[in-house]
Amino acid sequence: IPVDTFDCVVFGATGDLTLRKLLPALYHRFRDGQAPEGSRIIAAARSEMDDSNYRTRAEAALQRHVAKDELDPEQVRRFLACLHYAQVDGAAEKGWEGLLSLLAESPPDRIRVFYLATSPDLYGPICRNLAAHGAITPQSRVVLEKPIGHDLASARAINDEVGSVFAEPQIFRIDHYLGKETVQNLLALRFANTIFERLWNADVIDHVQITVGETVGVEGRGGYYDRSGALRDMVQNHMLQLLCLLAMESPVTFGADSLRDEKLKVLRSLKPMAPHEVEQLTVRGQYIRGAVDGRPVEGYLADLGAEEPSRTETFVALKAELNSRRWANVPFYLRTGKRLPQKVSEIVVQFRALPFTIFPADAGTLQPNALIIRLQPEEGMRLEMMTKEPGPGGLHLRQTGLDISFEKAFGTRYPDAYERLLMDTVRGSTVLFMRRDEVEAAWGWIEPILDAWEAKGDTPRPYSAGSWGPTASIALIERDGRTWHEDL
Ligand code: BG6
């Protein structure tokens, strides 16, 4: 479905996110004919360059980050022709003429998307400058990449600054996990089916596991990552959003505020961790040299090129609980890390064991049911069930999976999360974006953990690259008589 004609101004246009994610996503949308004739992408950055230099860079990025069979030379040429470059330092008051005159070429009611793919400390200054130069029209919106701040106070400061210039419905705070098809499918799973919702509570569910594993290290992002760490980089946003979608009550409608109201309630019902509990309920690790996919890799410090030790965690596991009737005493175990054995995002909803069995001991052990939701890769779902092994030799029970592979079911390309989210910004739909109060509530829960780690002042536990993190993360769940789901 085509959107209205738009101008999308990307600040930070020479950065990694723009080249790796935004341009490929925009290319796909232009290629599929979703962006009407006349739509433009205005790349804004400090480097001295003209349109033609930037197009050369953009083309190289597409060659690198778009699958070969999706790169049609004619479509690439047409896409590049929609790209313009404006040299501007968004944080500086002067030097905006080039960008402003490009914007002035469009009719005043043209949709304007200002995408801030920059460091969060520039969000406030860029917004102030946009306002000071009269660049914000009623049809304008601003897109903020995560992380929104470094802690609660800085998140509030950014939200205040941006909010003094844009109204909340014009502010699109991206959490790209919400743009993933399989993450949106969690809503379908829960609210478009009869069978699960009735079982979705503490009476039937024993616990939930959320694993987001990555095989990559910090790549070239050490500067950002070392100030962040896994808790800020992945848990404060992506993983808590997943938890919200799993745990929330049914929204009144599929409207942006209904949905976000329910997510907010989940965030507010997270049990705060007292400083003395943090040691018990969280584990942080940092990878050391090891092997991933059979290839030897360096440790975190070598990847950073750091001479001093770093206290930043590249792995975190934690046990979260919710203060709610639905989820009373149902732990949510979360773990994520760099340099793990597999790139995988998976949710395990573990049902309770049967309280009683009619089967004799030699029929085999009854395993409780589990619903395994694979977000990426090989997107799909599996319901683990006990079945009778076929054969005449007596009754033997075995766990088997009721499996659905989304790829096989739909046989279609899964668009990248940014494709959907970018088009939603043009449409003005904030459903899949975070509201201010959500971001701040998430920081409010995360901050005491960061503070307790800081106060303790020790370094994260080492784990070999290619392992599932420090052994303490296994102990975290085994202490409760449970285990991490292994069959990833
Ligand atoms: C980003 C983090 O938000 O998400 C990265 O900053 C991480 O560190 C990435 O690698 C993971 O996203 P995906 O879509 O590859 O699971």
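The values are calculated or read from the model by the stated rules, or taken from the named source; none is laboratory data. This is a predicted model, so every value here is computed, not measured. Positions of Cβ are backbone-derived with ideal geometry, glycine not excepted, and every protein chain shown enters the neighbour counts. Note: accessible area is taken over every heavy atom of the protein model, side chains too, but ligands, DNA and RNA are not part of it. Shrake-Rupley method; radii C 1.70, N 1.55, O 1.52, S 1.80 Å.
Miscellaneous remarks
- Taking N as its residue count, the alpha carbon Rg of the chain over 2.2 N^0.38 Å: 1.04
- Alpha-carbon gyration tensor eigenvalues x 5, square-rooted, for the stretch 52-142, Å: 28, 16, 13
- For the stretch 233-352, alpha-carbon Rg relative to the globular expectation (2.2 N^0.38 Å, N residues): 1.30
- Sequentially through the stretch 83-89, phi angles give Karplus couplings (6.51, -1.76, 1.60; θ = phi - 60°) of 8, 10, 10, 10, 7, 7, 9 Hz, Gly and Pro residues having no value and appearing as x.
- Whole-number percent relative contact order across the chain, with pairs defined as alpha carbons under 8 Å at least 6 apart: 18
- Estimated [θ] at 222 nm from DSSP helical runs (n ≥ 4, -39500 (n - 2.57)) normalised by residues in the chain, nearest 500: -9500 deg cm²/dmol
- Estimated vicinal HN-Hα couplings, Hz - the stretch 30-36 in sequence order (Karplus 6.51, -1.76, 1.60; Gly, Pro = x): 5, 4, 7, x, 7, 8, x
- The convex hull drawn around the Cα atoms of the stretch 317-461, when projected onto a plane and averaged over every direction, covers 15.1 nm².
- Mean-position separation - Cα centroids, the stretch 279-326 and the stretch 441-488, in angstrom: 8
- FRET efficiency, TYR224 to SER429 (Cβ-Cβ, R0 30 Å, nearest 0.05): 0.55
- Over all pairs of different C-alpha atoms, the stretch 339-383 has a mean inverse distance whose reciprocal, the Kirkwood radius, equals 12.9 Å.
- 3J(HN,Hα) couplings calculated from phi for the stretch 98-104 with the Karplus curve 6.51 cos²θ - 1.76 cosθ + 1.60 (θ = phi - 60°) are, in sequence order, x, 5, 5, 6, 4, 5, 5 Hz; Gly and Pro show x.
- Accessible surface for the chain, divided over its residues, is 44 Å² per residue with a 1.4 Å probe.
- Stokes-Einstein D for the stretch 218-264, Kirkwood Rh over Cα pairs, 25 °C, 0.890 mPa s (µm²/s): 199
- DSSP beta bridge pairing in the chain, given as percent antiparallel to the nearest 5: 55
- Structural size metrics of the stretch 88-222, computed from C-alpha coordinates, are Rg and Dmax of 20.3, 63 Å.
- What the Cβ-Cβ distance of ASP32 and THR357 gives, at R0 = 51 Å and to the nearest 0.05, is a FRET efficiency of 0.45.
- Separation of the stretch 159-191 from the stretch 374-439 is 20 Å, based on Cα centroids.
- Cross-link pairs LYS265/LYS319; LYS180/LYS271; LYS180/LYS408 - those with Cα-Cα distance over 22 Å: LYS180/LYS271
- Cα pair distances in the stretch 25-96, grouped into 5 Å bins until the bin that holds the longest one, percent each: 3, 15, 26, 21, 17, 10, 6, 2, 0
- Accessible surface of the chain, 1.4 Å probe, proportion on carbon and sulfur as whole %: 52
- Cα pair count fraction exceeding 14 Å, expressed as % - the stretch 252-296: 72
- For the chain, the longest principal axis of the alpha carbon atoms and the long axis of helix 152-163 meet at an angle near 40°.
- Taking all Cα pairs closer than 8 Å and separated by 6 or more residues, the relative contact order of the stretch 1-122 comes to 40 percent.
- The chain: angle of helix 417-427 to the longest principal axis, Cα-based, in degrees nearest 10: 50
- The chain: angle of helix 181-191 to the longest principal axis, Cα-based, in degrees nearest 10: 50
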